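What follows is a set of notes on a single structure, which appears directly below.
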Amino acid sequence: MNRLKKISLVIYCCLYGISLPAQNITDLSVMDEAQDYPVSCVSATKTAINDSVFLHPDRIRYDHQCIQIDGKDVFVFSGTFHYFRTPQPLWEDRLRKLKKAGFNCVETYIPWNWHERTMPKSPEDYSCLDMKPLVDFLNLTEQLGLYVILRPGPYICAEWSGGGFPQWIMQKKPVKTQFDTWLQSTDPEFMKWNEHWYKAVCQVVEPYQIMHREKGTGGVILFQIENEFNRIKWFPKESKREYLVKLAEIVRQNGIEVPLITCWTDEARNVENGLLNGVVDMVNSYPKWKVEGSFGRLVNQQLKTQPGKPLISGELQGGWMSEVGGKLSWEQDGLSPVQTQNITLYALQRGFCALNFYMAVGGTNLDDWGARQMTTTYDYAAAIGENGLTNERYRRFQGLSAFVKEHGTRIARAMVKDIPYVSSDKEVKMAVRETASGDRYYFVRTEEHSRNHWGSIFTEGMVLDFALEPFGAMVYYLPAGKKTGRWYPELPQPSSRCYIKADTIQLGASEGVCDLLPKKWNSLKAGEYVDDKGIYGRHFIYYKCQAQEGRVLNIGRIGHKLINGTDKDEMLVRVNGNLLPVLKEDATSVSFRLPGDSLSGKRMEAILLFESKGLHHHTKKEVEEYWKIGPDFVKCEGKDLKLQYAYTEEQRGKAVSAGKIDVKDISDTGEKVSSLLLWHNFSFTLSDKKVVYELDIEHEGNGFIYLNGYCLGRCWESGPQKKYYLPECWLNYGGENRIVISMRPGMHGGAVHRASLIPVW
């Protein structure tokens, strides 16, 4: 203590100013660099918002500090759950666990392409839409008494195929458009389809809004228009603002009466009049270890440019994605459960009244719905994992939610109190918020994450002794007039799980059997793609053509390094039963030399297998130009060749795994040929115990995994994913199960060297 007394008193009017780069794309500044604000103790202004923006102020409204629901301040503590990334029989389990963690709200995107998978005839044609899953989801949230935040895009990003846009929409693009980039523009034809989608969503959502539900039963409280619009730099700001106004008009005209939101959209800021005056632009942040510098900068921008509006986080880091060839979510730096506690308490320190954690519930990119470069797992290092199991992050949320429930709105309405202090640990900082009644909340936190932090803070004659874990954060609550207070959050004891004894099931290895070529082929006209034929899935597709022997076959490929260095699509070519080596390749095409004498004039048949790596989840002109499935062209000596195609892999995989046909019926058992596509077939039985299993495989090549008639998703030779969650609702407990894998051979062939089922619960 004597040593500590020698420390000079330093007066901190605010926390240290830090200027650090953003950590990822959603953490980029929503303003021009010249408008950047340093991290400081900026407080919200009291400028009132125009009350006319609230259509039902008695049921829901907000001021610059809080959201009021049914006349009471409510701290919205929300977690993201994508119903489209979890089989429907498991929804209730995930949502109950979300509520048990203390969340009072669930947030989700609504993916247009998932709900309208085939192309309608016109914007007035709603026959191709299936909105029942959304209805079922909203019914379930009402049963559980959860508030709901909805984000229908039309662009959702979400590492989802096409960013949520249906692939068929590009067939609706006129020859002449208002802008070179069509999507997310004010082009009249695009707006017709935009309105088509929004009307469908609004019709479903309208009766589930909070003003149409009984008090205490939950309901939709916020509705988002567009998403991450600041990513788009190719439209004038005036056009972007006009676009947002049109979207707001559409939803208001179609029954949406709750407050409107958007995120990472500068055009919704500093708007004094009109519909956009009532749109809150939320803060999205994934700062990992740089909470104050990265997240704090965005908070300051929010406070400066949205007077009268509360601090709302649309996406606060609840984990991070995994990408093909990268690291799995839990293996990435800066995603530890302690980061969740730190970022949450920092948000409270800054005065937030609503937090949504992306993701609170992990999911799976089932079938082929994952965007380009995405793994099948979308576990996201979430508190509730892809497999439904909870973890240490879940326990942190339990403690944080209890604190927020008791103190969240009081802190949001408290004011920043600048007081001098000295910390015995220079890496540990303090900030204070004080209520009107004099209660104080001392936020003590560090962003140093290599060691534990013990010490004391000396302030205004008081000593706060702290003990923080690496990257730790705590709050000391001191009621007015009291000499002692209480540290928060109080974490519950780790829960013990009731494990069911189950052994690993060895499935063995498989060299695979060669796929039998399709019997039925369809013709393509010059310049046509399979998209034009209503095929939008990105499974393996066969093509065949006739070309002169000995000549060079040149194939244009799609998707090579369009955005973020994405991998190119792949093409295998087989002639006379043998795979052809690549002759030459560049960023846009690949060439093969056909066998034989180029002077003979003879023609031969070439069989092509095309592997699409998927659609990117961002939009822009360069992406739109390649928003197709299949080769960009197939030429011989500069002349376009007539193509035929066949699309059978998905149907075969589902049929074999469902036990409807035998793998022998789709395998080539005749003359030995080099494999374009291999089938790996495994069968196993399970006891009647509901054990959660993962499929653990080591393999060569890329493919798709099928389980009992369902497509689980993609498997990638480059990893990092080697284990695949098997949804319990798709397993036959007490009976036979089938796993079938379609595999395009890679550099070293195509084989499953090891396959086993590992119990995880």
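The values are calculated or read from the model by the stated rules, or taken from the named source; none is laboratory data. Values in this document were obtained by computation on a predicted structure and should not be read as measured data. Don't worry about glycine lacking a Cβ; one is built from the backbone with ideal geometry, like all the others, and counts go over all protein chains shown.
Residues that are closer than 15 Å to residue 580 by Cβ and buried (at least 18 other Cβ atoms within 10 Å of the Cβ) within the stretch 595-630 comprise 606, 607, 608, 609, 610, listed in sequence order.
May I ask you to verify whether residue 433 is on the phi < 0 side of the Ramachandran plot, of a type in the set (D, E, K, R), in a strand (DSSP E or B) and not assigned by TED's automatic domain parsing to the domain that holds residue 155? So residue 433 passes the test. Between 624, 637, the distinction of being within 30 Å of the chain's Cα centre (by Cα) and among the charged types (D, E, K, R) belongs to 624 only.
Every condition in (1) of a type in the set (Asp, Glu); (2) under 30 Å from residue 714 (Cα atoms); (3) surrounded by 15 or more Cβ atoms within 10 Å (Cβ to Cβ) is met by residue 195 except one, and the failing one is (2). Is at least one residue of the stretch 392-413 at negative phi, not in a helix (DSSP H, G or I) and not assigned by TED's automatic domain parsing to the domain that holds residue 721? No, every residue in the stretch 392-413 fails to be at negative phi, not in a helix (DSSP H, G or I) and not assigned by TED's automatic domain parsing to the domain that holds residue 721. Just one of the listed residues (513, 475) is under 30 Å from residue 610 (Cβ atoms), touching a helix residue (DSSP H, G or I) at 6+ places or on another chain (Cβ under 8 Å) and either of a type in the set (Val, Ile, Thr) or in the same structural domain as residue 347 (by TED's automatic domain parsing) (or both), namely 513.
Within the stretch 208-227, can one find any residue that is buried (at least 24 other Cβ atoms within 10 Å of the Cβ), charged (D, E, K, R) and under 22 Å from the mean Cα position of the chain (by Cα)? Yes.
Close contacts from the stretch 483-503, counting a first residue that is under 22 Å from residue 384 (Cα atoms) and a second that is of a type in the set (Phe, Trp, Tyr) and exposed (fewer than 10 other Cβ atoms within 10 Å of the Cβ), with Cβ to Cβ under 8 Å and a gap of 6+ residues or different chains, come to none at all. The numbered conditions (1) modelled with pLDDT under 95; (2) on the phi > 0 side of the Ramachandran plot; (3) under 22 Å from the mean Cα position of the chain (by Cα) are all true for residue 283 except (2). Between a residue in the stretch 716-729 that is within 15 Å of residue 743 (Cα to Cα) and any residue that is polar (S, T, N, Q) and not in a loop (DSSP other than H, G, I, E, B), which pairs come within a Cβ distance under 9 Å, given they are 6 or more apart or on different chains? Qualifying pairs under 9 Å: 716/702; 717/702; 718/702. Please count how many residues of the stretch 374-425 are within 27 Å of residue 715 (Cβ to Cβ) and surrounded by fewer than 22 Cβ atoms within 10 Å (Cβ to Cβ). Residues meeting the conditions: 5. If you scan the stretch 734-752, which residues turn out to be of a type outside the set (Val, Ile, Thr), under 31 Å from the mean Cα position of the chain (by Cα) and within 12 Å of residue 708 (Cα to Cα)? Listed by number, the residues that qualify are 737, 738.
The sole residue among 427, 406, 315 that is acidic (Asp, Glu) and under 23 Å from residue 302 (Cα atoms) is 315.
Under the condition of being surrounded by 11 or more Cβ atoms within 10 Å (Cβ to Cβ) and more than 30 Å from residue 746 (Cβ to Cβ), the residues counted in the stretch 495-531 number 2.
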